[in-house]
Each structure stands twice: as structure tokens, then as C-alpha cells.
Amino acid sequence: MNTQNTPVHIKLWHREFWQMAVANMLLNMSAYMLIPVLPLWLMQAKQFTPLETGVCMGMTGVGIYLLGGFCSYLVQRYRRNQVCLWAIIVMALALGGLYYLEVSQEFFASKELLYVQRIVFGAFFGLAQMVLSSTLIIDTSESFQRTEANYAAAWFSRFALALGPIAGLTLYRLLGFGVTLLAVIGCCVVALVLIELVKFPFRTPEDNVKKLSLDRFFLPHGLWLYVNMLLTTTVIGLLMSTALTDWFYAIMMGGFLLAILAQRFVFVDAELKSEIISGLILMGAGILTMYVQTGQVLSYISPLFIGLGIGIIGSRFLLFFIKLSRHCQRGTSQSMYMLCWETGIALGLFVGYAFLYGQESLLYVVSLTLILVALLFYNFFTHRWFITHKNR
């Protein structure tokens, strides 16, 4: 039977790893807290159209690719933790600029300025994530623990997908957009402090490092996994473009916790294909209940199924990327995973606001269609291709 499990090493969970995992979660929360809140502010306070709002939300997905090609050079030329810290500082400054616009009650002369702000935030968020996941988290663990370290740290960033919107929506409702922005900046600052407190050994820079390369950025031979996962994460972005409540995200968090238990007990000896298939079916069932929702019970079931499905799919695809990577490409596989996760969410937000805003029934139909395509693509092509090309 073709199975794949991740062992648990208690010694992995030392103080430095906890700090890096929590920093990873806070860094992602700084991006996800604004996903449900920024569109509300743009459309209600600044009279943005749904199309302009969609473009604004999609710009983050453009930005995360801009500095990736320089990631390998930067971590070789400079101390890797300093690269991450400076990236987080620029993220906080970009958010501070947005806060200034809110507090001053003045709006910029052109909407393009906000698009630039989102691109800058996305670019340095992407760089910080690449350095953190592909290098720093690995550096805090022993070589035989690195797969588990990547797996565990990714769960913390996945938790942020629920915790971020919960915090953002609650603060926005109670205290307004300005305080919410301060909280987002606070997440960046705490993440920065946690990373700064970890001591990383000095590594002698390699000679003749290219300034622009795919190393630690993009895994070309993982393209089909990228496409398959992108179909799934686009659905996440589509759903997040609807008027979801903090209660929805709280139940989705419960689905994430169930996914951890399911992977440890339900899928422990299951066929490798079963996790992705089951996760996509669960996501489809959750979206279908949202589409036909007629009672209170279904409003609890749909986010639970969606969280459970996302959790199972996300963690399994992460391990697929690791297994697909060749020697010295573990870091690149982590960046590739992050790229297709964030790109899908940004693409879904763009399409959801720009073309499907106010048409929830159509949005659910599009989401179900993408889930079906992802399911068929994985079952009849991607899985067999992965088994043939994996290297670990």
C-alpha cells in the first residue's frame, strides 16, 4: 500500500522552534486579518467599486513573486535572519502608510497608490515567508526532523487563515479600521521580536551566487502539483470574498483541528490518494451546503467541512512538494507551496469581488466546478504523475 506518514519527535518542540512557529502564524495573520476587513473599508468608507476592490485584493498575489528570484542571493549574501527581519519591517511600514491614510482622513489622488501599497506589502510578505519557511525554520531543527518541522510550521500558518479573519472582523466591528490596522502592525512587530530572539549560526556565503535564480523560489518540475493545488486554493479565496462571519471562521478552525486528528488516526495507514480525494469531497460538500442552506444546522456543517477539507488537502500537498524536491531543494519546495497557496487565495479574492460580487449562488457554482476539476485532475493525472516523479 502506498502510504505516507509524518513521524512525531517530541524533541522538535523546543523553545526556538515554538518561537519560529508562532512567528510564522503571526506573520500570516498580518495578511489574513485584512482579507475580510480591507474590502469593507474600501467599499463603505472609500467608495471603491467591486472591480477596484478585487484588483486591490489581487495585487498581493502579484507582489509575492517580485522578490522571490532574489531570495537565494539575499540569504547567501547577508545573514538570513536579518533578511527576514528587514522584510517584516518593510511590511509594517507599508501597513503604517495605510494607517496614516485612515487617521488623516485624507485619500490619495489616485487609486493606483493603494495598488502599489498592496504590491509592496505582498512582495515583502512573500520574501519574509520564503526565508522563514525555506531556511529559518529548517535551521532550528535537526536534519531528521525537517519534514516534521515544515509540516508543523505549515499548520500554524494554516491556523492563521481562521484566526486572522476572526481577529480582524472582531476588531473592525468593535473598534474600527484604524485599530485593526494597528493590531496587524502589532502582529508584524511580535513576529519580528520572536525571530530576533532566536540565535542562528553564521554561515559562510557561497562563492559566485547568482543574483537572480529559481533556488528557494520556484520548483519547475512541481508545476502540475502547483496547478492542482492552485485550483483548490482559488476556491478558498472565492469563499473569503463573500460576507463570512467570525463565527464561520471559528467553526472552520474546528475543522482544522479535526483534520489534524484525522491525519493521525483516520488516514494513518490509508492509501496515499485517499487524503486529497477525501479533502476535495469534504470541501465540495461544505460548499454545497452553503448553496442549499436552509437551516441553522447546515450553517455549522459547511465551515466545519471546509476547514476539515482544507486542512487535509493543504498538509498533504505540502508533503508532496517535499517528496518531489531533489537534493538541496527542500527550501524551494516550501516556497513553491507558499506561492500556490497565496496565489490561489489572491486570485479567488480578485475574481470574487471583481466579477461575482453580490452573486453568491453563481460564486458557489463556480467554486463547485473548480473543486470538481481539481478532483478529476488529481485522480486521473496528478497522483499518477507524482508517484512516477517523486524523489524521496
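The values are calculated or read from the model by the stated rules, or taken from the named source; none is laboratory data. The structure displayed is predicted, hence computed values, not measured ones. When we count neighbours, we look across all protein chains shown, and the Cβ atoms used for this are built from the backbone with ideal geometry, even at glycine. Surface areas here come from the heavy atoms of the whole protein model, side chains and all, with no ligands, DNA or RNA. Shrake-Rupley method; radii C 1.70, N 1.55, O 1.52, S 1.80 Å.
Just a yes or no: is a residue in the stretch 159-179 under 18 Å from I260 (Cβ atoms), touching a residue at least 40 places away in the same chain (Cβ under 8 Å) and of a type in the set (S, T, N, Q)?
No, that holds for no residue.
Could you list, in sequence order, all residues of the stretch 278-308 that are touching a helix residue (DSSP H, G or I) at 6+ places or on another chain (Cβ under 9 Å), more than 13 Å from I251 (Cβ to Cβ) and not aliphatic (A, V, I, L, M)?
Hits for the stretch 278-308 are S278, G279, G284, Y291, Q293.
Out of the residues in the stretch 73-86 meeting the condition of being open to solvent by 10 Å² or more (accessible area, probe 1.4 Å) and over 21 Å from the mean Cα position of the chain (by Cα), tell me which one is farthest from E206 (Cα to Cα).
By that ranking, first place goes to Q82.
Could you tell me which numbered condition M20 fails, if it satisfies all but one of (1) assigned to a helix (DSSP H, G or I); (2) open to solvent by less than 20 Å² (accessible area, probe 1.4 Å); (3) modelled with pLDDT of 95 or more; (4) not acidic (D, E)?
Single failed check for M20: (3).
Would you confirm, using the coordinates I've provided, whether A374 is more than 18 Å from G222 (Cβ to Cβ) and either more than 22 Å from the chain's Cα centre (by Cα) or not hydroxyl-bearing (S, T, Y) (or both)?
no
Taking interchain pairs and intrachain pairs at least six residues apart, which have beta carbon atoms under 7 angstrom, with the first residue in the stretch 206-231 and under 11 Å from F70 (Cβ atoms) and the second at pLDDT below 90 and open to solvent by 40 Å² or more (accessible area, probe 1.4 Å)?
Final answer for the pair search is V209/R77.
Regarding the stretch 197-208, can at least one residue be identified that is open to solvent by less than 50 Å² (accessible area, probe 1.4 Å) and of a type in the set (S, T, N, Q)?
no
Looking at the structure I just gave you, is E275 in contact with a Phe, Trp or Tyr (Cβ under 9 Å, 6 or more places away or on another chain) and among the acidic types (D, E)?
Answer is yes for this residue.
Listed residues G176, G96, G126, G186; which is at pLDDT 90 or above and crowded, with 23+ Cβ neighbours inside 10 Å?
None of the others qualify; the one that does is G126.
Check I35, I64, I89 and return the single one that is open to solvent by 40 Å² or more (accessible area, probe 1.4 Å) and within 14 Å of F121 (Cα to Cα).
Details: I35 fails: open to solvent by 40 Å² or more (accessible area, probe 1.4 Å); I64 fails: open to solvent by 40 Å² or more (accessible area, probe 1.4 Å).
After ruling out the rest, the residue left standing is I89.
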